[in-house]
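I have placed the structure first, in the form of structure tokens, so that the comments after it can refer back to it.
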Amino acid sequence: MKIGVLALQGAFREHCRMVERLGAQAVEIRKPEQLDDVAGLIIPGGESTTIGKLMNDWGLMDKIKERAAQGMAIYGTCAGMILLAQDIIGSDQPRLGLMDTVVQRNAFGRQRESFEADLYVPEFGEEPVRAVFIRAPYIEGVGPDVEVLASVGEKVVIARQGKLLATAFHPELTDDDRIHRYFLTMVEE
């Protein structure tokens, strides 16, 4: 199975390593035509405004939307969560708008307020997920088809809508592969 990792900015290499570790083939995506050969796509963290602008400039935005309409699974981490959202509070930045969510950018504070936390996610078993939050967003509102998988207080940090998965944190920066494994099962569904 080939999994695309959007390779415009951010921790795309770490996502590629995680995908390869799980036995799938990782493909760095920089051109629209590369999306034709992948079964799923990971949009990594980074700076969401910059990634959105580059996606527009390089013709990736429409192609990703087209592939999503065809049923391709997409997983967005941090900036990827922002780019998947239909609404971004206080921003008109470029976005895919595929997920029925309202997202708050930099919701936990600036870089110096970055933190790690243990999340209990029933779908991933009893062992908590170690989550690395770096200038992280959170989901403030969800539509009726969005399943909340984990929160920090009242702030939604993992959500799924059909073939779309979003996390506010960076699982690729830990050794825990359960979220990526979960995404690969979504791709196969």
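The values are calculated or read from the model by the stated rules, or taken from the named source; none is laboratory data. Just so it is clear, the structure is predicted and the values come from calculations on it, not from any experiment. Note: ideal-geometry Cβ built from the backbone for every residue, glycine included; neighbour counts use all protein chains shown. Side chains included, ligands, DNA and RNA excluded: accessible areas come from the protein's heavy atoms. Shrake-Rupley method; radii C 1.70, N 1.55, O 1.52, S 1.80 Å.
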| Stretch gain in nm, segment Lys53-Asp87, where the contour uses 0.36 nm per residue and the Cα spacing is subtracted | 10.6 nm
| message | Distance cut-off 20 Å, Cα to Cα: go down the list Lys2/Lys53; Lys65/Lys163; Lys31/Lys65; Lys31/Lys163 and report the pairs above it. | response | Lys2/Lys53; Lys31/Lys163
| Sites matching GluC sites (Glu not before Pro) across the range 78-181 that sit in DSSP coil, with at most 11 neighbouring C-beta atoms within 10 Å | Glu126, Glu154
| query | Which value, in Å² rounded to 10, gives the accessible area of Asp177 with a 1.4 Å probe and all protein chains present? | reply | 20
| Within the range 62-134, which trypsin sites (Lys or Arg not before Pro) sit in a loop by DSSP and count at most 15 neighbouring Cβ atoms inside 10 Å? | Arg110
| Shape of the range 146-189, Cα gyration tensor, a/c cut at 1.5 | oblate
| said: Quick check on the chain: helices-only [θ] at 222 nm, where DSSP H runs of length 4 and up contribute -39,500 (n - 2.57) each and the sum goes over total residues. Nearest 500, please. | reply: -7000 deg cm²/dmol
